[in-house]
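Notes to accompany the following structure.
Since every read-out is calculated from the coordinates, none of them should be taken as a lab result. What you see is a predicted model; the values in this text were computed from it and never measured. All Cβ positions, glycine included, derive from the backbone under ideal geometry; neighbour counts span all protein chains shown.
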Amino acid sequence: MSVFRDIRGVTAIEFSIIAPVLLVMVFGILQFGIAMNHHMVLTNAAAKGAMTLALSRGTATPYATTTSAITSAAPSLTAGQISITVKVNGVACASDAACSTILVSGQPALVKATYPCDLTVMGVNYAPNGCTLKAETAQLVQ
């Protein structure tokens, strides 16, 4: 029997050649799936925040209630990393007092939320300039 005709171990060699490619694909799918899940959660949280803000006219804490609704609607995200921007009729407000004065019925209430994402797969960063998930929703103030 010749050494060149012996096929024992060929399967192991073929697997060792293809395994790194398969691992990169599987981990890539997993990492991009996590990023997509975070985007969907962030979009839902922004919608919840916009609805909360639109219904907060006449309350004492519209901004705090809105930001709380957003972080509550996104339990799988790190609350400290969610950046929230609130605008009513194009005017930004970042406090309860500021939001209370500009919440007028029929005006658009806009909530923007951003969250950092990580697209590193097996040591290779597929978003070297950074990856930021963004969601924006508007509702009319009631």
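Taking springs between alpha-carbon atoms closer than 10 angstrom, which of V88, V24, V104 fluctuates most in the Gaussian network model of the chain?
Greatest mean-square fluctuation among the candidates belongs to V24.
Rounded, prolate or oblate, given the Cα gyration tensor of segment 39-81, with a/c below 1.5 counting as rounded?
Numbers: a/c = 3.60, a/b = 1.81, b/c = 2.00.
Taking the square roots of the gyration eigenvalues as a ≥ b ≥ c, segment 39-81 is oblate.
Specify the residue with the greatest mean-square fluctuation among N37, N89, N129, computed from a Gaussian network of the chain linking alpha-carbon atoms under 10 Å apart.
Answer for the Gaussian network model of the chain: N129.
To test your reading of the geometry: what angle, between 0 and 90 degrees and rounded to tens, separates the Cα axis of helix 10-54 from the longest principal axis of the chain?
With both axes taken from Cα atoms, the answer is about 10 degrees.
Give me L30, L110, L55 ranked fewest to most by other Cβ atoms within 10 Å of their Cβ, as a rough exposure proxy.
L30, L55, L110
With N residues in segment 3-140, what two-decimal value do you get for its Cα radius of gyration over 2.2 N^0.38 Å?
Compared with the compact-globule rule of thumb, segment 3-140 sits at 1.62.
Defining a contact as two alpha carbons under 8 Å apart and six or more residues distant in sequence, what relative contact order in percent does segment 3-140 show? Mind showing how you got there, number by number?
Details: 200 pairs, mean separation 38.4, N = 138.
Normalised by residue count, the contact order of segment 3-140 is 28 percent.
Please compute the net charge surrounding A135, taking Lys and Arg as +1 and Asp and Glu as -1 over other residues with Cβ under 11 Å from its Cβ.
Details: positive: K48, K112, K134; negative: E136.
Residues close to A135 contribute a combined charge of +2.
If Lys and Arg each add +1 and Asp and Glu each add -1, what is the summed charge of the other residues whose beta carbon sits under 13 Å from the beta carbon of S68?
Values: positive: K48; negative: D96.
Its environment carries a net charge of 0.
Per residue and in cubic angstrom, what volume does the convex hull of the Cα atoms of segment 69-142 have?
106 Å³
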